[in-house]
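Every number in this text was worked out from the coordinates using simple rules, so none of it is lab data. Model, not experiment: these values are computed from the prediction. A quick note on method: Cβ atoms are made from the backbone with ideal geometry, for glycine too, and the neighbour counts reach across all protein chains shown.
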2 protein chains.
Amino acid sequence: MTQLQRRKIPDAAIARLPIYLQILNNLAATNVLRFSSDELAALAGVNAAKVRKDLSYLGSYGTRGVGYEVTYLIHQIKRELGLMREWNVVVVGAGNLGCALAKFDGFLSRGFPVVGIVDNDPKKIGRTTSSLTVGDVGDLKNIVRDEKVNIGVITTSSAAAQSAADALIDAGITSILNFAPVVLATPSSVSVRNVDLGVELQILSYYEQMRIESGSKVQSAPQLNSVGAR
Amino acid sequence: MTQLQRRKIPDAAIARLPIYLQILNNLAATNVLRFSSDELAALAGVNAAKVRKDLSYLGSYGTRGVGYEVTYLIHQIKRELGLMREWNVVVVGAGNLGCALAKFDGFLSRGFPVVGIVDNDPKKIGRTTSSLTVGDVGDLKNIVRDEKVNIGVITTSSAAAQSAADALIDAGITSILNFAPVVLATPSSVSVRNVDLGVELQILSYYEQMRIESGSKVQSAPQLNSVGAR
DNA sequence: GATTGTGAACGAGTTCACAGCC
DNA sequence: GGCTGTGAACTCGTTCACAATC
């Protein structure tokens, strides 16, 4: 497979690459140079054939009989995921969660600097939270243009989430991370991923109940990382 | 399909039931009495055949030519998901996120009261956060037994997450919601779901990059709600 | 006429198993 | 001998399409 023509990588494989990357970063930090598909599979909690197939979508970067090089694979995964650059983020909704995220190191350290936070509540506009001043939702268009924002994060109430999404899309945003417990209506040209704790707990509840009902002989749930994309 | 023998509902369908439930609760709040699979499909952003198949796993609760009754379906989904009762939650890790979750209404309001929070840092033990006092991680076993805890939430650093998981499992917990960006090693009898913002952003990054590379003709990502279960 | 419920067709994702290469 | 890369088989999930029912 060549590099020129962009390969079509299955969504399921894309969702696992960040996990492999995290593990490989840990290996690199402990000076591990090489790994086999078996080793990565054990660390990622998946099977080795899946690891090999997933990595093969990136190209043939392993060596038969030997394995894969940690730093080289980190590079290839980052390239594929678009992590060779930073992606600027704007947060809509300056409540508890929004402010916490704006402060949160994890965004910047992973290459997703939060360059703006806005709200529609006049009481919140103008407040400062960790070097950012809460702007008006009406300024979104300017912020997105001036700061070259790529990703919008919605941390509003569920009632306000759809209009937040509309405003982001109107401002030209095409990737949204939504924390409000609602299904957003968006054009199919926009990627949406949902993080909803209620949903997660309710899924756990189902398997927990199964376990109890059947005298704890339940096979357990699937382990994936996820939220939701559209 | 009868009720006595527990139906095996596909994991993919289980993951959608909480979304349907959320939407139906909204419909009930606006006094809508009935809905068709087409209507729910539009609100949930999926197709109608999928809605019908998903609901059919619960039993045959619709009426041909008419549709489904909102309150009756809410009841059936809650029954299936194990939401006819409360599930007590304990939080391990009393940092920013852990304390925020302990205070967070969304847990209690959805039937998942947080009955305890623990940490291994002596500086944090004894602090009070919204009617809960931070306990010692060593007390987990007692808390789980005395408070009849079913679900553990891990909000520790990634370095401490595995030992937090071990402690929870040792205390008898079989459902874990993990916010630390690591893959936990757990027996297959334990359900784990992972919430990792970094992973979500990196997935968005991939589709965003595709869009840019190909002159914005990208088909967008799949929309699911998720995190990860094992 | 409208809408469900569901086999059957289809498609995506996973795993197997082995040829190919170090 | 060890490990990758990958067609082929298989499993799981989605969608179609239509008979059954109100």
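Data table
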| read-out | value |
| --- | --- |
| For residue A:85, inter-copy label distances in nm, listed shortest first [label point 7 Å out on the Cα-Cβ vector] | 5.4 |
| Ranked B:196, A:136, B:166, criterion: other C-beta atoms within 10 Å, fewest first | B:166, A:136, B:196 |
| Relative exposure of A:74, A:19, judged by other C-beta atoms within 10 Å (fewest first) | A:74, A:19 |
| For the protein assembly as shown, with +1 on Lys and Arg beta carbons and -1 on Asp and Glu, the positive-most of A:112, A:9, B:104 along the dipole | A:9 |
| Surface/4 estimate of mean projected area, convex hull on alpha-carbon atoms of chain B, nm² | 15.9 |
| Where labels lie 7 Å past Cα in the beta-carbon direction, separation of residue A:139 and residue B:109 in nm | 2.9 |
| Size of electric dipole in the stretch B:88-195: Cβ of Lys, Arg +1 and of Asp, Glu -1, about Cα centre, debye, nearest 20 | 220 |
| Teacher prompt: residue A:48 distances to equivalent labels in other copies, 7 Å Cα→Cβ, nm | 5.0 |
| Of the DSSP H helices in chain A, those whose Cα atoms cover at least 15 Å axially and whose Kyte score averages 1.6 or more | none |
| Burial order of peptide ranges A:183-189, A:40-46 (average beta-carbon count within 10 Å, highest first) | A:40-46, A:183-189 |
| Distance histogram for the stretch A:62-102 (every C-alpha pair counted, 5 angstrom bins, percent rounded to whole numbers) | 5, 18, 14, 12, 11, 12, 10, 7, 5, 4, 1 |
| Label distances, nm, residue A:148 versus same residue in remaining copies, Cβ-directed 7 Å point | 5.8 |
| Semi-axes of the equivalent ellipsoid for the protein assembly as shown, Cα gyration tensor, largest first, Å | 31, 28, 26 |
| Cα centre as origin, Lys/Arg/Asp/Glu Cβ charges: the stretch A:11-81 dipole, Debye | 100 |
| Student exercise, chain B dipole from Lys, Arg, Asp, Glu Cβ charges, in Debye to nearest 20 | 720 |
| Beta bridge orientation in the stretch A:57-151: antiparallel %, DSSP, nearest 5 | 25 |
| Anisotropy class of the stretch A:11-81 from Cα gyration tensor, a/c 1.5 cut | rounded |
| Longest segment of chain B lacking GluC sites (Glu not before Pro) that sit in a DSSP loop with at most 15 other Cβ atoms within 10 Å | B:1-85 |
| Spatially close lysines, pair count over chain B: Cα under 17 Å, gap of eight or more or interchain | 4 |
| The protein assembly as shown - mean residue ellipticity at 222 nm from DSSP helices (-39,500 (n - 2.57) per run, n ≥ 4, rounded to 500) | -13000 deg cm²/dmol |
